[in-house]
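One structure below.
The values are calculated or read from the model by the stated rules, or taken from the named source; none is laboratory data. Please read these numbers as outputs of a predicted model, since none were measured by experiment. Methodologically, a virtual Cβ is constructed for each residue, glycine included, from the backbone with ideal geometry; neighbour enumeration extends over all protein chains shown.
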Number of protein chains: 2
Amino acid sequence: MYRNVTCGALRSTDIQKEVILSGWVHKVRDKGFVIWVDLRDRYGITQLVFDEERSDKSLLEKAKELGRETVVQIEGTVIERASKNPNIPTGDVEVLVSSLQILNPSALPPFTIEDDTDGGDDLRMKYRYLDIRRNPVKNNLIFRHKVTMEVRKYLSDQGFIEVETPYLIKSTPEGARDFLVPSRMNEGQFYALPQSPQTFKQLLMVGGMDKYFQIVKCFRDEDLRADRQPEFTQIDCEMAFVEQEDILNTFEGLTKYLLKQIHNIDSGDFPRITYDEAMRTYGNDKPDIRFGMKFGELNDLAQHKEFSVFNSAELIVGIAVPGAASYTRKEIDKLIDWVKRPQVGAKGMVYVKYNEDGTFKSSVDKFYDTSDFAQWAERTQAKPGDLICVLSGNGNETRSQLSALRMEMAERLGLRKPDEFAPLWVVDFPLLELDEETGNYHAMHHPFTSPKPGQMELLESDPGAVRANAYDLVLNGNEIGGGSIRIHDKDIQATMFKHLGFTPEEARAQFGFLMDAFQYGAPPHGGIAFGLDRLVAILGGQETIRDFIAFPKNNSGRDVMIDAPATIDEEQLKELHLKLDL
Amino acid sequence: MYRNVTCGALRSTDIQKEVILSGWVHKVRDKGFVIWVDLRDRYGITQLVFDEERSDKSLLEKAKELGRETVVQIEGTVIERASKNPNIPTGDVEVLVSSLQILNPSALPPFTIEDDTDGGDDLRMKYRYLDIRRNPVKNNLIFRHKVTMEVRKYLSDQGFIEVETPYLIKSTPEGARDFLVPSRMNEGQFYALPQSPQTFKQLLMVGGMDKYFQIVKCFRDEDLRADRQPEFTQIDCEMAFVEQEDILNTFEGLTKYLLKQIHNIDSGDFPRITYDEAMRTYGNDKPDIRFGMKFGELNDLAQHKEFSVFNSAELIVGIAVPGAASYTRKEIDKLIDWVKRPQVGAKGMVYVKYNEDGTFKSSVDKFYDTSDFAQWAERTQAKPGDLICVLSGNGNETRSQLSALRMEMAERLGLRKPDEFAPLWVVDFPLLELDEETGNYHAMHHPFTSPKPGQMELLESDPGAVRANAYDLVLNGNEIGGGSIRIHDKDIQATMFKHLGFTPEEARAQFGFLMDAFQYGAPPHGGIAFGLDRLVAILGGQETIRDFIAFPKNNSGRDVMIDAPATIDEEQLKELHLKLDL
């Protein structure tokens, strides 16, 4: 037996007990006549003590030699600690060691195994197995486990069945690129790894499995932006015989349950806003509503005066930044520089200080008077002490710039509190999205999304205006889930494929099995998928998903720890009937 | 709202209630003046009734048109059923329909959606989404969900953490072939899909995550034998600071828990036998011990007589088949033909009828007398009425032939009861296995398996004799789990790679990251992996894993439903820097 107790377990009630512990040497303090060793395992740290008076001399010598991260097993007696450490749960006791066995030595680790490590990102990724010994990473992985267990418990209790769908499927040209897997047995043919189990979950609905879920890896061969992974995990869900309302209620229930179980937070009903309203009010389809700063559109108030910049703008829109009227001229200039950065892209910014004394001071004082500014303040819900920031220009661009400013100011003001959770539903997404480059419309969600009732006819006349039975669940400014009611009528699905630019042959080659299935009594159905990596990160009060993945890949899609991908043998290529074409 | 109750819910206590149901038209019985419709969903079947007296005429007309598998929504009143059907839970009631809406019509399905369908295997696979509507398949998938939920609950309650390991990893030449995934971003390089998360779980142990599990897809590009799938699911587990005994206890606990939760069976302690003993007693390293027929070796009793076949045999071994002494000469001849089939491969079979009256009748009467046969009977534990079947020849081959006979006789005698569960541990597996073709030894389990203490020296002198800290959990004649204590010493691991024929360079190229990790304080560790597909099938009293997989592949690795794998665009190949080489 390697241990009869873990390094996180001992308390003062255990004093006098004989114990066996195993773990890693975390730290050694050698005072000559006495040596303290912090022994660490997954569960905590226990202080070991060796001293001249009470320990065998050879034992003391052996302890002196212990290097960091050596794996040892000890036997000893739990004793009271002279100077207690209130910072750790085992801080009242220490173990007087009577026997010490070195299970495995350790070379000097490339970084310290401490909460605040000296290891940079690259080094930590290369030695991820050492990084996982550190509390922040270890606790994130344990947290992820807890969240997924709770998700499964909730859904299973609600009658959902977890069904495993295949990983070796068929490539579809839609959306992001597939990872492909050459088949050895079927010469010249390829499997694809799923970008999501979308079609399989719809087939399960056709199969009568009316409440399905799966926590499942998905794959996208995209050029990686920061914090995107080529493989990621989804909580994938689908229900039959449901309307949008049923789905929103079910997964609002799941989210409330998680907030309660994980953070003991009782959430009220989640707000719901339409996509259009979200864009108008926050300039963003995933607004962070932990704070206000709602957009106020000022066209009617600010146009037709002498200020030509506003007169020629499609949109004039502002927010009231709480308490920022005290900004100095220099600070405001820096803020203007900030909105002019290429990442934000504004041409400039008009400001109005709404001073504590009720007066206004603005960069456009010569065009507007106090009564104008009072109206602007009302429109942006500004209070004395606030700074009204106004951007203008093209509608969508300006909204997006002001959204960036809103988030930046919230960040600066500490309004994005990691322990506060503000979920909301964004509904009525557009069905189609214009590809600016090609001028073609493509599915905003995916080609199986159902338009809202009575909007099919708009598909011809005004495709961009068609709204879908599609919804996102947003938490703290992040989309954590998204889904839709699906088309279950094969004729409507065929029409949709046509509008998305598929020829009937292409539609058949790619989705023939789904269209076939829809002939045999497809029930009305819809679903949702959550990005588990992001959900866990946000529930954990963080935003970097990589910190919640045991073995993440870097921005080139490489696993630097195992050094993958890698070249393969000529023989392996041959078996797959392939040649490199570099 | 599509329904306020499911098709499996209504009872006589619901009579008079107004209900809304949705589902599939399972069957229509049209008596002219009255029409009964069986409406089906995942939860059961509810009888709907339309009749001349109580229903609107147009409703009756509409009901007459209903085809099988049409999706409908109805409203109606629960009423008592005139002739009750005790075979279904809703059999006391029916629903008098007041409104009928057709949600989706259905073409005639290619096979009937009945427990005993008229659909052949190929058709059922092509239309798997219809097959899943049938109770046997649907119930298997629900059963699988329940088993996996229980597995997760048990392991999580025991402190195990489920950690997701990557799917895009690095190819290793060891064992079965990897499926490869060309990297677009890393030209000419490939990922591999994991055959198991073996090295990652060992790295998690190095990382201090001392109780890990994962229910995870694994991939092997092998030529498929019957009932093998290119992608399959493992319950993958690993523990640190454990000895073999700790692992056996933990996973015996899991198995007992499953038998209790799923079948309400209280299991005693699982028997443990060594690999050598299993081979000697059952000719098989995964014996079915739901029945006896243990092997009795007869060399000392049967050799040195006049019977030259036995005298020249390496091994003479028999079993007593219960109650088969009554076999006619013709039946025995057929049995001898059976053992001589190429799949079994015996040259012949000697039999001894141990008659009810205590006399013996044998095919070798002229070489042996009653006292000889009495000794054979004692050795094979035969009782009056049994048939002793004796095979002879080369040791291993003969054992394997007799094992096949033992299983066949158990099958014929109905001794392999699907509702009886007989688990056992087989321990002390050989470390190495001789490849008869190449004459080289390779790892029987995998190259990380630890030899038993003190057996390292045998590696040079008698590699085949080295026993490993490796174990299998066997249930009803199937290996459901297997594992080992791992090597955690980098020098021993290097020695092992050498003995397995890796050059130091090859070992470094393939397992360098693991050997590196072992420098930094690897704890003693070991683990086990269960084949979930098989475990679920056996717990479900069946042996065909395909029936417990939602969307299985056929023996050529094809998904005939979605028609994958498939050819891909030239463009996609180009992006992957590949050319076909057919």
- Query: Are any of the residues in the stretch A:136-145 assigned to a loop (DSSP other than H, G, I, E, B) and crowded, with 18+ Cβ neighbours inside 10 Å?
  - Reply: no
- Query: From the residues in the stretch A:403-432 that are touching a Gly at 6+ places or on another chain (Cβ under 8 Å) and not small (Gly, Ala, Ser), which one is farthest from residue A:202 (Cα to Cα)?
  - Reply: A:413
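Rundown of residues vs (1) among the polar types (S, T, N, Q); (2) farther than 18 Å from residue B:141 by Cα; (3) touching a strand residue (DSSP E or B) at 6+ places or on another chain (Cβ under 8 Å), yes/no style:
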{"residue": "B:491", "(1), (2), (3)": "no, yes, no"}
{"residue": "B:495", "(1), (2), (3)": "yes, yes, no"}
{"residue": "B:534", "(1), (2), (3)": "no, no, yes"}
{"residue": "B:541", "(1), (2), (3)": "no, no, no"}
{"residue": "B:553", "(1), (2), (3)": "no, no, yes"}
- For the stretch A:209-226, how many residues meet the condition of being within 8 Å of chain B (Cβ to nearest Cβ), at pLDDT 95 or above and in contact with a Pro (Cβ under 8 Å, 6 or more places away or on another chain)? 2
- Number of the condition not met by residue B:229 [criteria: (1) within 10 Å of another protein chain (Cβ to nearest Cβ); (2) in a loop (DSSP other than H, G, I, E, B); (3) over 29 Å from residue B:177 (Cα atoms)]: (3)
- Message: Whether any residue in the stretch B:385-405 is free of Cβ contacts under 8 Å to residues at least 12 places away in the same chain, in a loop (DSSP other than H, G, I, E, B) and either under 23 Å from residue B:308 (Cα atoms) or β-branched (Val, Ile, Thr) (or both) is what I want to check.
- Response: no
- Lone unmet requirement of (1) closer than 29 Å to residue A:238 by Cα; (2) surrounded by fewer than 17 Cβ atoms within 10 Å (Cβ to Cβ); (3) β-branched (Val, Ile, Thr) for residue A:427: (2)
- Message: The conditions are (1) part of a helix (DSSP H, G or I); (2) surrounded by 19 or more Cβ atoms within 10 Å (Cβ to Cβ); (3) hydrophobic (A, V, I, L, M, F, W, C); (4) in the same structural domain as residue A:518 (by TED's automatic domain parsing), and residue A:130 fails exactly one of them. Which is it?
- Response: (4)
- Within the bounds of the stretch B:78-92, is there any residue that is outside the structural domain of residue B:545 (by TED's automatic domain parsing), of a type in the set (D, E, K, R) and in contact with a Lys or Arg (Cβ under 7 Å, 6 or more places away or on another chain)? yes
- Query: Mind checking whether some residue in the stretch B:562-570 is of a type in the set (Gly, Ala, Ser) and in contact with a helix residue (DSSP H, G or I) (Cβ under 6 Å, 6 or more places away or on another chain)?
  - Reply: no
- Query: Does residue A:255 fit the bill of being within 14 Å of chain B (Cβ to nearest Cβ), part of a helix (DSSP H, G or I) and either closer than 25 Å to residue B:2 by Cα or of a type in the set (Lys, Arg) (or both)?
  - Reply: no
- Item | Selection from the stretch A:342-369 of residues that are hydrophobic (A, V, I, L, M, F, W, C), part of a strand (DSSP E or B) and touching a residue at least 24 places away in the same chain (Cβ under 8 Å) | A:350, A:352
- Message: Take the conditions more than 9 Å from chain A (Cβ to nearest Cβ) and either closer than 24 Å to residue A:558 by Cβ or part of a strand (DSSP E or B) (or both) and apply them to residue B:236. Does it pass?
- Response: yes
- Query: Can you name every residue in the stretch A:560-582 that is over 17 Å from residue B:188 (Cβ atoms) and within 7 Å of chain B (Cβ to nearest Cβ)?
  - Reply: A:561, A:562
- Note on the structure: The residue that is surrounded by the fewest Cβ atoms within 10 Å (Cβ to Cβ), considering only those in the stretch A:312-341 that are in contact (Cβ under 8 Å) with a residue 12 or more places away in the chain and of a type in the set (Ser, Thr, Tyr), is A:326
- For the subset of the stretch B:536-559 comprising residues that are out of contact with any helix residue (DSSP H, G or I) (no Cβ under 7 Å at 6 or more places or on another chain) and more than 8 Å from chain A (Cβ to nearest Cβ), which member is surrounded by the most Cβ atoms within 10 Å (Cβ to Cβ)? B:538
- Of the residues that sit in the stretch B:183-208 and are in a helix (DSSP H, G or I) and facing another protein chain (nearest Cβ under 8 Å), which one is farthest from the chain's Cα centre (by Cα)? B:206
- Test set (1) out of contact with any Phe, Trp or Tyr (no Cβ under 7 Å at 6 or more places or on another chain); (2) in a loop (DSSP other than H, G, I, E, B) - residue B:320 fails condition number: (2)
- Of the conditions (1) within 7 Å of chain B (Cβ to nearest Cβ); (2) touching a residue at least 40 places away in the same chain (Cβ under 8 Å); (3) not hydroxyl-bearing (Ser, Thr, Tyr), the single one that residue A:166 does not satisfy is (2)
- Note on the structure: Taking the stretch A:139-154 and the residues there that are more than 10 Å from every other protein chain (Cβ to nearest Cβ) and among the aliphatic types (A, V, I, L, M), the one that is nearest to residue A:202 (Cα to Cα) would be A:151
- Of the criteria (1) more than 8 Å from chain A (Cβ to nearest Cβ); (2) without any contact (Cβ under 8 Å) to a residue 24 or more places away in the chain; (3) closer than 19 Å to residue A:217 by Cα, which one residue B:180 fails: (1)
- If only one of B:151, B:147 is under 23 Å from the mean Cα position of the chain (by Cα), among the aliphatic types (A, V, I, L, M) and either closer than 30 Å to residue B:117 by Cα or not assigned by TED's automatic domain parsing to the domain that holds residue B:510 (or both), which one is it? B:147
- If we scan the stretch A:506-523, do we find a residue that is away from chain B (no Cβ under 13 Å), within 32 Å of the chain's Cα centre (by Cα) and not basic (Lys, Arg)? no
- Among the candidates A:335, A:301, single out the residue that is part of a helix (DSSP H, G or I) and under 19 Å from residue A:372 (Cα atoms). A:301
- Name the residues in the stretch B:155-177 that are surrounded by 20 or more Cβ atoms within 10 Å (Cβ to Cβ) and not in a strand (DSSP E or B), would you? B:155, B:160, B:163, B:164, B:165, B:166, B:167, B:168, B:170, B:171
